């Protein structure tokens, strides 16, 4: 075998397979850059959440205070009622004791 | 060892005091026309005290020493609508502890019983009132430190407004109590 012939055979120009160029180009294509709208960015969402909390917390605190005050006033009313009933019962017992003592005398 | 026994003996009534289940009295009011049910435990009492004004200092100092106030009052349409045996658990409870019956008056079909829990130095650990009439039963149970003078204060005015529904405005019962404490509150608003 002639080495020159061998070399010539090896370096023989061959056409690229079908679709080779398209495949290479497809591999090297840079994906398009996705632009997130500003209202969907994490920083924006975090800021919105913080703002919402800032608005909600004072109203929740005020609701809590109002509920506590209602409970407190209700408890006070119950205390007054309980002591008023106690007073009536003590006065009744006192009156019964007096009547009974008078009868005994 | 002896000290430990003494402490235990002193602690038993205090512990037992918290164990009475006032729901056992609910049976009494099953047929009641009107009922008043007030439960003020320690936390609710503290909450109520916070809402007493500066003009209510004597009330504040009295109620400030208390741990609980329980009131059950039932009014019936006609006699015989409750079973007096339903009061037995409460009577047994106060008897089982160191409570002393200081008043026991029977007048025809009406009775008034007053029990106190005596503590050293003329102090009281509680007050219980059981009042039974043919058409009305009232139980008041006050748990907490009281002075003898507090009993007098309790039967006086103490700045507590009269409840027209209970006293008729002059210390006499009018028998127009409402269905429960909440309903009474609503009546008061009207």
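Bear in mind these aren't lab numbers, they're just calculated from the coordinates by the rules spelled out. Please read all numbers here as calculations on a predicted model, not as lab measurements. All Cβ positions, even for glycine, are placed from backbone atoms using ideal geometry, and neighbour counts span all protein chains on display.
Please compute, for peptide B:35-45, the average count of beta-carbon atoms on other protein chains lying within 10 Å of each residue's beta-carbon.
3
Fewest first, what order do A:36, B:111 take by the number of other Cβ atoms within 10 Å?
In increasing order of surrounding Cβ atoms, one gets A:36, B:111.
In nm, give the distance between the simple-model label positions of residue B:96 and residue A:36, each being 7 Å from the Cα along the Cα-to-Cβ direction.
Spacing of the two 7 Å Cα→Cβ label points: 6.7 nm.
Using the alpha-carbon atoms, what tilt in degrees (0 to 90, nearest 10) does helix A:42-104 show relative to the longest principal axis of chain A?
Computed tilt is about 20 degrees.
Would you mind computing, in nm to one decimal, how far apart the modelled labels at residue A:16 and residue B:107 are, each placed 7 Å from Cα along Cα→Cβ?
The two pseudo-label positions are separated by 11.8 nm.
For B:69, B:116, B:102, what's the fewest-to-most ordering of other Cβ within 10 Å of each Cβ?
If I rank by nearby Cβ atoms, fewest first, I get B:102, B:116, B:69.
Let me know the mean shielding of A:61-74 by other chains, meaning the per-residue number of their Cβ atoms within 10 Å of its Cβ.
2
Bin by bin, in steps of 10 Å, what percent of the Cα pairs in region B:47-101 do you find, going until the bin that has the longest distance?
16, 30, 26, 25, 3
Hey, fewest Cβ within 10 Å first, where do A:34, B:72 land in order?
Neighbour counts put them in this order, fewest first: A:34, B:72.
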